[in-house]
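Participant: Here it is: the structure, laid out below.
The values are calculated or read from the model by the stated rules, or taken from the named source; none is laboratory data. Everything numeric here is computed off the predicted structure, so don't read it as measured data. Glycine also receives a Cβ, built like all others from the backbone with ideal geometry; neighbour counts cover every protein chain displayed.
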Amino acid sequence: MPFVKNILNYRNLSIVGLEKNTGKTVCLNYILRRLNEMGIHVGVTSIGVDGEQVDSVFSTAKPEVTLYEGTHFITSEQHYQKRQAVSILEHVDSRRTALGPLVTARVLVRGKVLLSGAATTGILHTQIKQLDSMGVELSIVDGALSRLSLASPTVTEAMILATGAAVSANIKQLVSRTKFLHSLILLDEVPTLLREKLTTIESGLWSVDNEQQPHDLGIASVFLIDRAEKDILRFGKTLFASGAVSDRLLRILATKDNGITLIVRDFTKLFITPEAYVEFTRRDGRLMVLQRSRLIAVTLNPTSPQGFLLDSKTTCDALGEALQTPVYDVMKIEQ
């Protein structure tokens, strides 16, 4: 797949599934094999558990993660003990997880491993820095169900989005759901000067005036917006939400006025439905981000956990046309 060359432009990468069983592990194994052939020093970890032989939800067979000589990996102590690769332990984290402390090791002889990594993006960010200090050229984070937060550009520089029949066995619905998330990933960034002013704001809902100056609206959470005593648009129609945004905020703003711009940190802060987004944009509303995620590729797993198989070419073509980007069938990349 040609997107592997694009990966080399970044220091770290996340592989995120729109749902469970969308082919993340197959994609990860392909990338690891290719990078090994290219002589790239790779580090790997996960949010959640990856590499298990049987899916914990559907009880279906899953591909295991194969690591190559020289690869660094981070996993829990419990899963490290189950590795089938020969490795040397290099670091034990003092923080504990439900599966024991997280350990960092380097592969000496190729083999299969279970990956279970950080429970929070904060710890994950620290681990990526740790891998950098060990000489890793590229850190790869494999995602877990509903953990899109690891794709935040504050955590990883770039991402691969995995979709497939597990999202929907109906091609039209699959395209619709994937296209919506894709549109959020590619939201426009605010200008650099405004980004610098807003990045340091840690909480609350703020307004931005015509001179690009932020004003604290005194609303600690966007969930309290309906209790605001003053007009939230008194400084202008540009707002910044420092935390998560739900349908509720979009629908309240849609009733306030036309042409409101709402800025969020990045797409992972948006917990919204297509319906609320359409309602907001019909009033000329606009969503923007402080930092845009760099999408490297979109991949497809045409097989659902229940065994339903989508036509690969038809689905890739439909997704490619809707997203205006190539879509790769991960079940064919090893063939």
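Participant: Which ones in segment 268-315 are among the hydroxyl-bearing types (Ser, Thr, Tyr) and over 24 Å from Ile160 (Cα atoms)? Talk me through it step by step, then tell me what you get.
Facilitator: Of the residues in segment 268-315, the ones among the hydroxyl-bearing types (Ser, Thr, Tyr) are 268, 273, 277, 281, 293, 299, 303-304, 312, 314-315.
The one that is among the hydroxyl-bearing types (Ser, Thr, Tyr) and over 24 Å from Ile160 (Cα atoms): Thr281.
Participant: List, please: which pairs have Cβ atoms under 7 Å, are six or more places apart or on different chains, and start with a residue in segment 109-125 that is touching a residue at least 24 places away in the same chain (Cβ under 8 Å) and within 19 Å of Thr71 (Cα to Cα) and end with one that is crowded, with 16+ Cβ neighbours inside 10 Å and among the charged types (D, E, K, R)?
Facilitator: Taking only residues 6 or more apart or on different chains, the pairs are Gly111/Arg83; Lys112/Glu64; Val113/Arg83; Leu114/Glu52; Leu115/Asp50; Leu115/Asp142.
Participant: Among the numbered criteria (1) over 14 Å from the mean Cα position of the chain (by Cα); (2) buried (at least 23 other Cβ atoms within 10 Å of the Cβ), which single criterion is violated by Met288?
Facilitator: (2)
Participant: Which one of the conditions (1) buried (at least 20 other Cβ atoms within 10 Å of the Cβ); (2) out of contact with any strand residue (DSSP E or B) (no Cβ under 7 Å at 6 or more places or on another chain); (3) part of a loop (DSSP other than H, G, I, E, B) does Val136 fail to meet, given that it meets all the rest?
Facilitator: Here Val136 meets the rest and fails (2).
Participant: Take segment 296-314 and flag every residue that is of a type outside the set (Phe, Trp, Tyr) and over 22 Å from the mean Cα position of the chain (by Cα).
Facilitator: So the first thing to find is which residues in segment 296-314 are of a type outside the set (Phe, Trp, Tyr), and the list is 296-307, 309-314.
Scanning segment 296-314 gives Gln306, Gly307, Leu309, Leu310, Asp311, Ser312, Lys313, Thr314.
Participant: To continue, here is another question. Would you be able to tell me the number of residues in segment 291-321 that are part of a loop (DSSP other than H, G, I, E, B) and either surrounded by fewer than 21 Cβ atoms within 10 Å (Cβ to Cβ) or at positive phi (or both)? Write out each step before concluding.
Facilitator: Of the residues in segment 291-321, the ones part of a loop (DSSP other than H, G, I, E, B) are 291-293, 302, 304-308, 310-311.
So of that shortlist, the ones also either surrounded by fewer than 21 Cβ atoms within 10 Å (Cβ to Cβ) or at positive phi (or both) come out as 291-292, 304-308, 311.
So the answer is 8.
Participant: Within the group Gly70, Gly51, Gly17, which residue is at positive phi and modelled with pLDDT of 85 or more? Spell out how you get there, then give the answer.
Facilitator: Values: Gly51 fails: modelled with pLDDT of 85 or more; Gly17 fails: at positive phi.
Matching residue, one of Gly70, Gly51, Gly17: Gly70.
Participant: So which residues in segment 167-207 are polar (S, T, N, Q) and touching a residue at least 40 places away in the same chain (Cβ under 8 Å)? Walk me through it before giving the result.
Facilitator: Of the residues in segment 167-207, the ones polar (S, T, N, Q) are 168, 170, 173, 176, 178, 183, 192, 199-200, 203, 207.
If the condition is that a residue be polar (S, T, N, Q) and touching a residue at least 40 places away in the same chain (Cβ under 8 Å), then Ser176, Thr178, Thr199, Ser203 are the ones that fit.
Participant: Oh, and also: Within segment 72-106, track down each residue that is buried (at least 16 other Cβ atoms within 10 Å of the Cβ), of a type in the set (Val, Ile, Thr) and either out of contact with any His (no Cβ under 8 Å at 6 or more places or on another chain) or without any contact (Cβ under 8 Å) to a residue 12 or more places away in the chain (or both).
Facilitator: Ile74, Thr75, Thr97
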